[in-house]
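**Student:** Below are the structure tokens for one structure; questions will follow.
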Amino acid sequence: RAIAFFEDEAHREHEDGVVTGRSAYDGVVEGAAQHWENGADFKGKIVILTHSLPSQVTALRHAVGIITDQGGTLSHAAIIAREYKIPTLIGTKRATSVFKTGDCIHLETTYGESRAFIIHHQVVGEPL
């Protein structure tokens, strides 16, 4: 089966608030989640996006971490991660639906199973 090539253990479903994927650059960071928005401040935050584009490089280089739903080792997010040494989790398939802007996330991309999980959910009206 041709599609079986793309199915692997890196995308196992986990409990709520946890996503797995492939590491594009190794590291362990914690920070507030920030979904991609034009003009948003990504400094010191973990950026959550579906996929990355070349036009996003200047903004993404200020992030402490990147998590994408799509992408592989040659994706723009992976290349940005290696160039700027930013811990990055790619190909999670569901990060944009699991993490909300303001969630405190622990991103771990140094072990066999790379993963990210929520430490604290952002409550509406609560300061970041």
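**Student:** From the list 33, 63, pick out the single residue that is more than 13 Å from residue 99 (Cα to Cα) and among the aliphatic types (A, V, I, L, M).
**Tutor:** Of 33, 63, the one residue that is more than 13 Å from residue 99 (Cα to Cα) and among the aliphatic types (A, V, I, L, M) is 63.
**Student:** Restricting attention to region 13-28, which residues are within 14 Å of residue 103 (Cβ to Cβ) and crowded, with 20+ Cβ neighbours inside 10 Å?
**Tutor:** Once the filter is applied, which keeps residues that are within 14 Å of residue 103 (Cβ to Cβ) and crowded, with 20+ Cβ neighbours inside 10 Å, region 13-28 yields only 19.
**Student:** Can you tell me which of (1) over 14 Å from residue 33 (Cβ atoms); (2) open to solvent by 50 Å² or more (accessible area, probe 1.4 Å); (3) at pLDDT below 80; (4) touching a strand residue (DSSP E or B) at 6+ places or on another chain (Cβ under 8 Å) is the one residue 114 doesn't meet?
**Tutor:** It is condition (2) that residue 114 fails.
**Student:** Then there is this: If you go through region 35-44 one residue at a time, do you hit one that is closer than 17 Å to residue 105 by Cα, open to solvent by less than 50 Å² (accessible area, probe 1.4 Å) and in contact with a Gly (Cβ under 9 Å, 6 or more places away or on another chain)?
**Tutor:** Yes - at least one qualifying residue is present in region 35-44.
**Student:** Applying the selection to region 54-69, what residues are under 13 Å from residue 36 (Cβ atoms), surrounded by 18 or more Cβ atoms within 10 Å (Cβ to Cβ) and not acidic (Asp, Glu)?
**Tutor:** Within region 54-69, 56, 59, 60, 63, 66, 67, 68 qualify.
**Student:** To continue, here is another question. Please pick out the residue among 59, 2, 24 that is within 14 Å of the chain's Cα centre (by Cα) and at pLDDT below 95.
**Tutor:** 24
**Student:** So which residues in region 70-92 are open to solvent by 20 Å² or more (accessible area, probe 1.4 Å) and within 15 Å of residue 35 (Cα to Cα), if there are any at all?
**Tutor:** 70
The values are calculated or read from the model by the stated rules, or taken from the named source; none is laboratory data. Everything numeric in this text was worked out from a predicted model, so none of it was measured. Quick reminder, even Gly has a Cβ in these numbers, built from the backbone with ideal geometry, and neighbours come from all protein chains shown. We work out accessible area using only protein heavy atoms, side chains counted, and drop any ligands, DNA or RNA first. Shrake-Rupley method; radii C 1.70, N 1.55, O 1.52, S 1.80 Å.
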